[in-house]
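Okay, structure first, notes after.
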Amino acid sequence: LAYHQTRLLPRDNEEVVIEGLKGAKQHNGKTGIIVSYSREQGRYRVKLQKENQVLGVKLSNLTVKKQEDEPTTDLHILIPCHIDTDRRLITFLRSAKSAMQQIYANYTVFVSLSGPQTFRSQAFEFLTVISSKSSSRWYLQDEDVECRPQMEHLCSLLLNGSIPVNPEALVTFLDNDDMCHPARLYSMRSAYEGYPLKGYPVALPCKLLLDPSLTPAESQLTNFVNMKNPADFDHWRKHRSLARKVQLVSNSEAKESDAEEYFDYIVPSAILKKFFDLNPPAVRSHRFCDLRLWKILDHLTPIALGDNDPNSWFLAHYKVSMDEKMLTFDNHGRRINETDQISFTPESIQSDDQALSERYHPLSPPQVAMCRGHLESVIIQYVGWNDIELEDAQGVKVAELNRSHGNGFGDELWEECIARILSLFDPATLHASKGAWVTP
């Protein structure tokens, strides 16, 4: 199931060209029509034109012959998808289904998969089903890897998928365990067109924050989305069990609620490409690189949009509460309520954590690791491009850690963390980042 490039998933009854066959070379170059996808064979059933024969062909050996009059889409959804559990598979299926049900018509979806092959295979099979009958185009990347950082997913989707299809397209994002409202793309496109600063990102951060304790039955897409009335934002309120597990956050409340993310934005492709050009693979592979992207997009968006409808939401997003994070810290890094969310992962313990815990008792190594992770998440947001904010953050965080865990702890940990983050950059990209992100 490794394609090693971006592949357009064919629709039913669509014309394709067969290529790269090794065992049946005589069929290379022939055209055929997609009949269906066979889950048993893991192949598309292709009826050869001018021949009474149906072949089973892998996606990697098919090229879709798009119609000459097929319009170029102007809005792309990038979905970085890591699946390694049954729960993550289920949430991805729901996420993909929500992307398919958009009322805005002129868009294309790009999905990148990582994880154990059994989960990637199931995700692929699902995508073949929804893409075969979808009015939108779906592209798939599968590099046959079990682990891939989120920003590396996005970088590949942009450079090897979105830009080759349309370098002028606007880009938005969907986390693989989130759901989007049917009006999301339409509303984001409209907001971008009406934004006074042309060519810059626009954010619509209004969303539903989902508690990770939602059961599979409670988190079904139909509990949140009314497809008979896509303008309905209150459909979720009809389900009483959701009242204690769902929080509505408006555009104006997102910052105060710590609910802002990079996937709240619609972004010109050129800006996203510039971000990846200025951040080498070591930076993109850092688990908090998504915060760096968010902070830069936030910096480029000085005019926040108001609340046209206080009940509107365009994304349903899982979020671990600050209270639970504090409970985890008090429990020395062990989760109190075990959930399966990518957004909150255990800290890995380093030798330096052990050394600091011995000098600043009673901190345990896992607690030092959590402090280290927090500082790295702050530093990576600003380092190299916003020295003023970085200096302000240093003053606040060092004082906070010294006050909570002993004088000198914050200073030592900050120096270790910033040295590590700086080591991820090469001198050229670090120099190029200076002054690269100018506020309009």
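Projected label points at ASN13 and ASP258, each 7 Å from Cα along the beta carbon direction, are separated by 5.3 nanometres. Here the translational diffusion coefficient of the chain follows from Stokes-Einstein with Rh set to the Kirkwood radius across Cα pairs; for 20 °C and 1.002 mPa s it amounts to 91 µm²/s. Listed by chain and number, the aspartates and glutamates whose C-alpha is less than 19 Å from the C-alpha of LYS50, apart from same-chain residues fewer than 8 away, are ASP12, GLU14, GLU15, GLU19. In this structure the amide hydrogen of LEU315, modeled in the peptide plane, comes within under 5 Å of the amide hydrogens of HIS181, LEU208, none closer than 5 places in sequence on its chain. Note down the relative contact order for the stretch 86-158 as a percent, whole number, built from C-alpha pairs under 8 angstrom at least six residues apart. It comes to 40 percent, rounded to a whole number. With semi-axes defined as the square roots of five times the eigenvalues of the C-alpha gyration tensor, the equivalent ellipsoid of the stretch 69-221 measures 25, 19, 15 Å, largest first. With 23 Å as the limit, the listed pairs LYS207/LYS274; LYS207/LYS319; LYS22/LYS66; LYS97/LYS198; LYS255/LYS319; LYS22/LYS47 have LYS207/LYS274; LYS22/LYS66; LYS97/LYS198 beyond it between alpha carbons.
Just checking the listed ones, GLU146, GLU256, GLU68: in the Gaussian network model of the chain with Cα springs under 10 Å, the one fluctuating most is GLU68.
Computed 3J(HN,Hα) for the stretch 418-434, one whole-Hz value per residue from the Karplus formula 6.51 cos²θ - 1.76 cosθ + 1.60 where θ = phi - 60°, is 6, 5, 5, 5, 5, 5, 6, 9, 8, x, 5, 6, 5, 5, 5, 6, 5, glycine and proline marked x. Taking a label point 7 Å from the Cα of LYS22 along the Cα→Cβ vector, which residues of the stretch 43-69 have an amide N closer than 20 Å to it? Answer for the stretch 43-69: 43-44, 56-63.
Heavy-atom accessible area with a 1.4 Å probe sorts PHE110, PHE126, largest first, into PHE126, PHE110. Largest mean-square fluctuation among ALA243, ALA254, ALA304, in a Gaussian network model of the chain whose springs join Cα atoms under 10 Å apart, belongs to ALA243.
Relative contact order of the chain, taken over Cα pairs closer than 8 Å and 6 or more residues apart, is 14 percent. Sorted largest first by accessible area at a 1.4 angstrom probe radius, with every protein chain in place, the residues LYS319, LYS228 fall in the order LYS228, LYS319. If the chain linking ARG244 and ASP307 were pulled fully straight, counting 0.36 nm for each residue of separation and taking away their Cα-Cα distance, it would gain 20.3 nm.
Once phi is turned into θ = phi - 60°, what whole-Hz ³J(HN,Hα) does the Karplus curve with 6.51, -1.76 and 1.60 give for every residue of the stretch 60-67, x standing for Gly and Pro? Residue by residue, the stretch 60-67 yields 5, 10, 10, 10, 6, 8, 5, 5 Hz. Couplings 3J(HN,Hα) of the stretch 123-130, computed from phi: 5, 4, 4, 5, 5, 5, 5, 6 Hz, in residue order, whole Hz [Karplus 6.51 cos²θ - 1.76 cosθ + 1.60, θ = phi - 60°; x for Gly and Pro]. Over the stretch 1-44, Cα pairs under 8 Å with separation of 6+ residues give a relative contact order of 32 percent.
Note on the chain: with a GNM built from Cα contacts shorter than 10 Å, the maximum mean-square fluctuation among GLN141, GLN150, GLN394 falls on GLN394.
The values are calculated or read from the model by the stated rules, or taken from the named source; none is laboratory data. None of these values were measured; they are calculated from a predicted model. Here Cβ is always computed from backbone atoms with ideal geometry, including for glycine, and neighbour counts include all displayed protein chains. When the accessible area is computed, the model is the full protein with side chains, heavy atoms only, and any ligands, DNA or RNA have been set aside. Shrake-Rupley method; radii C 1.70, N 1.55, O 1.52, S 1.80 Å.
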